[in-house]
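Undergrad: Shown below is the structure under consideration.
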Amino acid sequence: MPLAPELPTATFRRSPEDFVVDELPAYEPLGQGEHLYVTFRKIDLTTPEAMKRLARALGADPRAMGYAGMKDRHAVTTQTASFQLPLATDPAPLLARAQLDGITILAAVRHNNKLKPGHLLGNRFRIVLRDLDPAAVPAMRAALEAIGQRGVPNAFGPQRFGRDGDNPERAIEWLSGKSRGPRDKRDQRMLFSALQSLWFNQVLARRESDGTWADALPGDLAKKTDTGGMFLVPLEGPEADDALVRSRARELTPTGPMFGKKMRWPEGAPAEIERAILCAAIEDPARLDAWGHLGEGTRRPLRMPVTELTTETLSLALDGPDNASSDGPDDASGDGRAALAVGFVLPKGGYATTVLGRVARLLDASIARSDREQTGAAERLAPDTSVRPEEREDDD
């Protein structure tokens with residue numbers, strides 16, 4: 001079998017403007033109620049820091065804040081957060097006179113309930129890939145077009161595993177009694193979530209290796225694309241055959257495990273794969289029962305749809321900003337490099353790096369930038385501003 005061609009290298013997040021994310025809300029606020037939904041654009045800020053600044057401006061209790069999804073710091077992102085605010089309080093003058101560096105208020109509308117994680121449809125991305133070999137761009141665009149038609153394996157991105165990528169290993173050490181682990185309950189859940197994500201990726205990799213990551217097999221728990229309903233594919237018979245046909249038509253997708261005490265198990269060959277992955281890690285699946293307080297378990301689609309996908313080559317000025325764009329011949333900067341802007345929509349829980357990592361070897365310029373910032377802070381004897389591994393934000 002011939003070796004797969006090596007992916008081209010691409011730099012992303014050279015600047016916050018190279019990574020733009022717009023949250024797609026699940027519903028619109030009603031204009032009444034004690035929770036104020038603030039839609040804002042932030043740049044080079046974490047979601048928690050932006051929300052704390054908004055809470056201070058409103059005089060709101062930060063413990064009652066709500067959000068639908070985290071957004072990355074090294075980006076320009078738009079999202080909505082909720083703040084509990086007495087009905088007699090007019091938020092307009094409070095927000096108008098607030099000093100909110102890095103934050104632009106787009107809307108503030110009241111609603112009856114607090115925003116909670118997952119209260120979104122998905123996210124729209126526009127990401128610029130830089131330092132490309134111009135000769136590689138046509139093949140990248142063709143590969144992205146194919147992804148827009150079929151989707152991609154729904155792997156968790158590296159953000160899920162902490163800055164150093166070792167959160168799953170830390171979780172195993174802690175849960176097996178070899179280390180003390182964190183005391184904070186949120187940190188505990190973060191570590192366990194990273195472990196669940198690692199196991200999911202391992203199951204997905206097994207299914208990808210045998211070519212069934214998008215095929216609903218007998219015994220799979222399949223999720224319907226239109227309604228989100230989940231059902232067990234029979235082990236044999238015409239309904240099993242029909243499920244395979246429908247999955248190849250992208251009407252449904254097989255799901256993989258987010259292991260936990262209450263997770264629903266598949267049957268047949270899919271169950272054998274999942275049990276083998278789990279038993280290799282913890283020997284006895286019943287051990288999950290003791291960790292139920294960290295995560296009850298659920299199912300996650302193995303295939304992620306990528307919709308509204310666009311690609312656009314950029315004309316670049318050497319070491320300067322983009323000054324034009326073109327859908328014609330691929331343009332390069334004066335030093336022979338090229339840039340490609342990629343736009344797409346992902347459902348909630350989807351990672352942009354999972355999509356782009358299928359067509360390029362990604363170099364995250366923001367990591368080096370963060371390291372420089374932290375080193376500078378240490379040299380100035382400032383308080384520790386380093387980000388703990390479990391606080392790395394997701395793309396969603």
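Undergrad: Would you mind computing the Rg to Rh ratio of region 37-128 from its alpha-carbon coordinates, Kirkwood style for Rh?
TA: Result for region 37-128 is an Rg/Rh of 0.95.
Undergrad: Radius of gyration and Dmax for region 158-304's Cα atoms, expressed in Å?
TA: So, for region 158-304, Rg and Dmax equal 16.1, 52 Å respectively.
Undergrad: In nm, to one decimal, how far is the modelled label at residue 209 from the one at residue 106, with both set 7 Å along Cα→Cβ?
TA: Between residue 209 and residue 106, the simple spin-label model gives 4.3 nm.
Undergrad: Next question, about the same structure. Just order 339-349, 291-301, 251-261 by mean Cβ neighbour count inside 10 Å, highest at the front, would you?
TA: Per-residue Cβ counts within 10 Å, averaged per peptide and sorted highest first, yield 251-261, 339-349, 291-301.
Undergrad: Cα centroids of region 205-279 and region 55-101: how far apart, whole angstrom?
TA: About 41 Å separates the Cα centre of region 205-279 from the one of region 55-101.
Undergrad: Another question, if that's okay. Listed highest first by mean packing, meaning other Cβ atoms within 10 Å per residue, what order do 211-224, 354-367 come in?
TA: For the peptides 211-224, 354-367, the packing ranking is 211-224, 354-367.
Undergrad: Sort largest first and round to whole Å: the equivalent ellipsoid semi-axes of region 222-306, each the square root of five times a Cα gyration tensor eigenvalue.
TA: 26, 15, 10
Undergrad: Tell me, what ³J(HN,Hα) does each residue in region 39-46 have, in order and in whole Hz, if you take phi through Karplus 6.51 cos²θ - 1.76 cosθ + 1.60 with θ = phi - 60° and put x for Gly and Pro?
TA: 9, 9, 10, 10, 9, 6, 9, 6
Undergrad: Could I ask something else about it? When the Kirkwood hydrodynamic radius is evaluated over all pairs of different C-alpha atoms of the chain, what value in angstrom, to one decimal, is obtained?
TA: 23.1 Å
FYI, it's all coordinate maths here, none of it is from the lab. Everything numeric in this text was worked out from a predicted model, so none of it was measured. Every residue, glycine as well, gets a Cβ built from its backbone with ideal geometry; the counts of neighbours run over all protein chains shown.
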